1. According to the Cα gyration tensor, what semi-axes, each the square root of 5 times an eigenvalue, does the equivalent ellipsoid of region 140-180 have, listed from largest to smallest in whole Å?
2. For region 161-191 and region 31-52, compute the distance between their C-alpha centroids and round to whole Å.
3. What distance in nm separates the simple spin-label points at F62 and Q159, each placed 7 Å from Cα in the Cβ direction?
Amino acid sequence: MRMRYLFSLCLSVWLAFPFISHAQDAADKVDRPKNAWYAPDYVVAQHAGLIGILAAGIGYDFGKHDRTNAELMYGFTPNYGFKNTTHTFTTRIYYQSHPKPLFKGFQISWIRAGAGISMTIGEQFETFFPKKYPNGYYIWPTATRILPFVGSALRREFQGKKRPHFGELYGEIGTTDVMIVDKYRNKGISVPDILNLAVGLRYSL
């Protein structure tokens, strides 16, 4: 019940703001100098979000005004001893809207939306379809998940020696392919029951 109330509150606040930004002056969208093609553009760390209790990795931004992002992350969920700890490797790609001025140097991106695919290594996860389950019971092996998500981000830029850097705090609401299928098959499952909240940090290099 508490989770449902929190979800409703977050969704209401998020939808209260415009989904699509108006055009801004070209001067407000000057691209940041790029790293070498092989060098990451930023580092990222995240708590929850179905990719481990704590995950970290690197990211690349590209596309018009660097609004498209791709990330490679490793996450873990501790259990009783290292043997039972799960290790999750995730690739994500998403779009993030251009940041808008908010207050005192802070900027906000109202939209960040995308999806990831994860591979989890652990005793209870199967890389291939388990033979003990009937055909069609799982649409993917239990170790693999598709992870759609949507959220917003708050950032602030800092002046570096050679170019500006930014630090960013973001929040996301996400789910998995299996949870969506479960919701479709079982009408008794509510939408908040299949959602997960995540928070994370990004810092440009």
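Values quoted throughout were computed directly from the atomic coordinates according to the rules given, and no laboratory measurement underlies them. In this text, all values refer to a predicted model and were calculated from it rather than measured experimentally. Cβ sites come from the backbone with ideal geometry, for glycine too, and all protein chains shown count toward neighbours.
1. Listed largest to smallest, the semi-axes of region 140-180 are 35, 13, 5 Å.
2. When both Cα centres are located, 17 Å separates them.
3. 3.3
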